[in-house]
1. What distance in nm lies between label points placed 7 Å from Cα along the C-beta direction at A419 and E262?
2. Report the per residue volume, in Å³, of the convex hull enclosing the C-alpha atoms of segment 262-435.
3. Relative to the first principal axis of the alpha-carbon coordinates of the chain, what is the inclination of helix 334-354, with its axis defined by its Cα atoms, in degrees from 0 to 90 and to the nearest 10?
4. Excluding W431 itself, what net charge comes from residues whose Cβ is under 14 Å from its Cβ, given Lys and Arg +1 and Asp and Glu -1?
5. Let me know the charge dipole size of segment 340-396 about its Cα centre in debye, to the nearest 20, where only the beta-carbon of Lys, Arg (+1) and Asp, Glu (-1) is charged.
6. Where the centre of each part is set by its Cα atoms, how far does segment 206-269 sit from segment 70-145, in angstrom?
7. Along segment 310-321, what does the Karplus equation 6.51 cos²θ - 1.76 cosθ + 1.60 (θ = phi - 60°) give for ³J(HN,Hα), rounded to whole Hz, x for Gly and Pro?
8. With a 4.7 Å Cβ cut-off, tell me which Cys residues in the chain come up empty for a partner.
Amino acid sequence: MSYLDNILFAIVLGIGFGYFFINIKKIYRNVNLGIAVDRKDNPAARWKNMAMIALGQSKMVKRPIAGILHIVVYLGFVIINIELLEIIIDGLFGTHRIFAFLGTTYNVLIATFEILAGLVLIAVVIFWLRRNVIRLKRFMNREMVGYPKNDANYILYFEVVLMTLFLLMNASDLHLQNVPGGFSHFIKAGSFPISQFIEPIFNGMPNETVMLLTEVFWWLHIVGILIFMNYLYFSKHLHILLAFPNTYFANLDPQGEFDNLEAVTKEVKMMMDPNVDPFAAAPAPAEGEVPSKFGASDVQDLNWVQLLNAYTCTECGRCTSSCPASQTGKKLSPRKIMMDTRDRLEEVGRNIDKNKGLFIPDEKTLLNDYITAEELWACTSCNACVEECPVNISPLSIIMDMRRYLVMEQSAAPMPLNAMMTNIENNGAPWQYNQQDRLNWKDEN
Ligand code: SF4
Ligand code: SF4
């Protein structure tokens, strides 16, 4: 590599990482549009969750085939990108296989990378078949059309191209390493269990041509990785990064425990307390105790963890495939709840970018423009989606906050629910009988 190549490489690297960090900053800003919620408690349990669920993928293997294939692709992604470190150092300083001095360790590392690359290629083909030939039901829901469907395929094609370039790069390098008497800077280093079978395709080519091809594969490989990295922001594959903070900050409360509004709980407790003087003036609520809005009608009303959930969703559909409402033909899909939340959040973010840091109301909200009341009321609050999610996302918490808005701000609960709540208020029970008539049943015999 000439000095000019090193400078060009530094510029390409700078643009790649620069654009990536601009988008990461945007995600951070958008997530912080959510309301505050404290998730600093019990750090030991949080680290454990992150290690088991994000790193160890413990929830993925509940469905063994998809789980094991996913682990292969994930390991391939992480470990092969360790090799990126060598590429970056070589590219910046004009060295070649800088870590070759590690000797046997280096050989083992390169051999491991190659085997993983081969396994990734096999896994990617199986993933593609599941989506496009077998057409698993959970990949075919109504929200999985257009970009979400294509996005899943794009990333598979990306993986194939990157792994192939990696193997071709090694194969051409190996060919030049084997030139009798040595060739240029191609020192003998590495062990190539897969690319040794590709290497013969370069037989008969002039060494200079093979060297040029090696450089082309090398450049395409690193530029491909940088494009992949920047594509993440626009893709469901952002979970590669966000699964870690998402599992760390996930709710540790037992499933099924709802976060009652403190102000409302206090009010109800007061109503039920026989010692309270009903004629005494109620104490004024402390500042900030009563929220400016009950529940959520738009993304800014959700908390920041719910917004982080939306960016982390892998669109795998495990939640939807286990959702009783979805299974019985209702309009609800918990995956769509997460996808809609992310889409709306992105729309709000673009509005802020356009208006120099200020959100200008756009006559739209998450409720109605993205998620309908019909979807929200179809939820049985069974928690199956939360249990199934491989990265600890809770679509249910968003559903409940939006329902809370419908009930408490708009009195827009479905008729049977309204009737039940009126009965509880008037009769102390969900039925429409007067409290004094409760024991009438004993007179019937
Ligand atoms: S909690 Fe609601 S959305 Fe989640 S699985 Fe149950 S019914 Fe479906
Ligand atoms: S919420 Fe979880 S289970 Fe549902 S699609 Fe997203 S990642 Fe998959």
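1. Using points 7 Å along Cα→Cβ, the separation is 3.8 nm.
2. Spelled out: Cα convex hull of segment 262-435, divided by residues, is 157 Å³.
3. It is inclined by approximately 80 degrees.
4. Spelling it out: positives minus negatives among the neighbours equals -1.
5. Dipole of segment 340-396, to the nearest 20 debye: 320 debye.
6. Segment 206-269 and segment 70-145 have Cα centres separated by 16 Å.
7. So the Karplus estimates, Gly and Pro as x, are 5, 6, 8, 3, 8, 6, 6, x, 4, 5, 5, 6 Hz.
8. Result for the chain is C313, C316, C323, C379, C382, C389, no neighbouring Cys Cβ within the cutoff.
The values are calculated or read from the model by the stated rules, or taken from the named source; none is laboratory data. This structure is a prediction, so every number in the text was calculated from the model and none was measured. With ideal geometry, Cβ positions are generated from the backbone for all residues, glycine too; neighbour counts draw on all protein chains shown. Surface areas here come from the heavy atoms of the whole protein model, side chains and all, with no ligands, DNA or RNA. Shrake-Rupley method; radii C 1.70, N 1.55, O 1.52, S 1.80 Å.
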